[in-house]
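Student: Sharing a structure, written as structure tokens. Questions coming.
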Amino acid sequence: MAVLVNGRAGAPVDPLDRGLQYGDGLFETIALLDGRPRFLDWHFERLADGARRLRFPEADFATLRAELASAASGESRAVLKLVLTRGLGPRGYGPPATAEPTRIVASFPWPATRTEGLRVGWCRTPLGRNPVLAGLKHLNRLEQVLARSEWDDGSLDEGLMQDELGNVVSATQANLLARIGGAWVTPELSACGVAGVMRRAFLGWSAARGEPVVERALTRAEVEGATALVLTNAVAGAVPVRALAGRALAEEPAVAAFNASIGQP
Ligand SMILES: Cc1ncc(COP(=O)(O)O)c(C=O)c1O
């Protein structure tokens, strides 16, 4: 595993960095396939949106691109992680007048490819609604950490999360698509959730086939009654859910067709 901090392999991160002190930062997890970071422009778009909304200086994408290539160090297939924090600042929450963001770029081995669908349950940890942060992949992920620690016995592969009003939002590390009444539906993300790059890819692909995905609020009862469920993230692509809380679900042929279209291993 290679880790670059501000372009230097193995350099330390300052313990007073605001990313560590306050979670004041953003991240991206990117699939490297055939030596190329997949959907890099969309990852950079989300990062740029986050930087603007958190009032970071504009990110230097040419440098980030070069550092991703350097961390990948000639690998053909890997998982690249990019963290951008606000860097250092005076003690206290107030951000520095001129921030100098910290860049952390790491490369991890590609995970084993799944051959079976996912066993999914319901998490009890609610997601807070906050439109100011909705959609961003920011460094505050305590809700997901608590949700993911609700099971450790290997009985489930993922858990679905609801916001404080009961709307279904996503899984702990993936977006959700549900087949309801013969149409694809996905939770709208104006109040919470991460606007996933793979969700975006699926929405674009499905719309191009004349089957636009409906983005709207989804209740738990609707998800429980769906004929098929799919989880998406940038590394795994689209993965069918084979059982929700023990109830078996069918696999939609569209999932394999989509994965083929994005070159998912
Ligand atoms: C909470 C959450 N939602 C959604 C996603 C999917 O986002 P992406 O498709 O960009 O990987 C992730 C990815 O890790 C996530 O952690």
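Student: Would you be able to say whether some residue in region 205-226 is within 9 Å of the ligand (Cβ to nearest atom) and under 21 Å from residue 134 (Cα atoms)? I'd like the intermediate steps shown before the answer.
Tutor: The initial filter retains those residues of region 205-226 that are within 9 Å of the ligand (Cβ to nearest atom), namely none.
No.
Student: Can I ask one more? In region 43-92, what residues are among the acidic types (Asp, Glu) and either within 16 Å of the ligand (Cβ to nearest atom) or in contact with a Leu (Cβ under 9 Å, 6 or more places away or on another chain) (or both)? If you could, list the steps in order and put the result at the bottom.
Tutor: Applying the first criterion (among the acidic types (Asp, Glu)) to region 43-92 yields 45, 49, 58, 60, 67, 75.
Scanning region 43-92 gives 45, 49, 67, 75.
Student: If you go through region 112-127 one residue at a time, do you hit one that is open to solvent by 30 Å² or more (accessible area, probe 1.4 Å) and of a type in the set (Ser, Thr, Tyr)?
Tutor: Yes - at least one qualifying residue is present in region 112-127.
Student: If a residue has to be in contact with a strand residue (DSSP E or B) (Cβ under 7 Å, 6 or more places away or on another chain), within 15 Å of residue 102 (Cβ to Cβ) and not in a loop (DSSP other than H, G, I, E, B) to count, how many in region 10-34 make the cut?
Tutor: 6
Student: Being open to solvent by 60 Å² or more (accessible area, probe 1.4 Å) and assigned to a loop (DSSP other than H, G, I, E, B) is the filter here, so list the residues in region 212-223 that pass it. Even if it seems obvious, please write down each step before you answer.
Tutor: First, pick out the residues of region 212-223 that are open to solvent by 60 Å² or more (accessible area, probe 1.4 Å): 212, 214-216, 219-221.
Selection gives 212, 219.
Student: Restricting the search to region 224-240, which residues are of a type in the set (A, V, I, L, M) and either open to solvent by 10 Å² or more (accessible area, probe 1.4 Å) or part of a helix (DSSP H, G or I) (or both)?
Tutor: Here is the first cut: in region 224-240, the residues of a type in the set (A, V, I, L, M) are 226, 228-231, 234-236, 238-239.
Passing the criteria: 234, 235, 236, 239.
Student: Considering 257, 243, 201, 178, which residue is assigned to a strand (DSSP E or B) and in contact with a helix residue (DSSP H, G or I) (Cβ under 9 Å, 6 or more places away or on another chain)?
Tutor: One residue alone meets the criteria, 178.
Student: Next question. Using beta carbons and a limit of 6 Å, which pairs, at least six apart or on different chains, have the first residue in region 175-202 and touching a residue at least 60 places away in the same chain (Cβ under 8 Å) and the second one away from the ligand (no atom under 15 Å from the Cβ) and open to solvent by 20 Å² or more (accessible area, probe 1.4 Å)?
Tutor: These pairs meet every condition: 179/227; 179/252; 191/131.
Student: If you don't mind, another one. Give the residues of region 184-198 that are within 21 Å of residue 242 (Cβ to Cβ) and open to solvent by 20 Å² or more (accessible area, probe 1.4 Å), sorted by residue number. I'd like the intermediate steps shown before the answer.
Tutor: Within region 184-198, the subset within 21 Å of residue 242 (Cβ to Cβ) is 184-187, 196, 198.
Passing the criteria: none in range.
Student: If you check every pair at least six apart or on different chains, which have Cβ atoms under 6 Å apart with a residue in region 17-34 that is among the hydroxyl-bearing types (Ser, Thr, Tyr) and open to solvent by 10 Å² or more (accessible area, probe 1.4 Å) first and a residue that is in a strand (DSSP E or B) and within 14 Å of the ligand (Cβ to nearest atom) second?
Tutor: Taking only residues 6 or more apart or on different chains, the pairs are 29/81.
Student: Could you check how many residues of region 55-73 are free of Cβ contacts under 8 Å to residues at least 40 places away in the same chain and of a type in the set (D, E, K, R)?
Tutor: So the answer is 3.
Student: Then there is this: With the condition kept exactly as written, say whether any residue in region 161-174 is closer than 18 Å to residue 188 by Cα, of a type outside the set (Phe, Trp, Tyr), open to solvent by less than 30 Å² (accessible area, probe 1.4 Å) and not in a strand (DSSP E or B). Steps first, answer last, please.
Tutor: Let us first name the residues in region 161-174 that are closer than 18 Å to residue 188 by Cα, namely 161-174.
Right, trim to of a type outside the set (Phe, Trp, Tyr) and you get 161-174.
Next cut, open to solvent by less than 30 Å² (accessible area, probe 1.4 Å) only: 161, 163, 166, 168-172, 174.
Imposing the further condition that a residue be not in a strand (DSSP E or B) reduces the set to 166, 172.
Yes, the conditions are met somewhere in region 161-174.
The values are calculated or read from the model by the stated rules, or taken from the named source; none is laboratory data. These figures come from a predicted structure and were not determined experimentally. Please note: Cβ atoms are built from the backbone with ideal geometry, for glycine as well, and neighbour counts cover all protein chains shown. Each accessible area value is taken on the protein alone, full model and side chains, heavy atoms only, with ligands, DNA and RNA left out. Shrake-Rupley method; radii C 1.70, N 1.55, O 1.52, S 1.80 Å.
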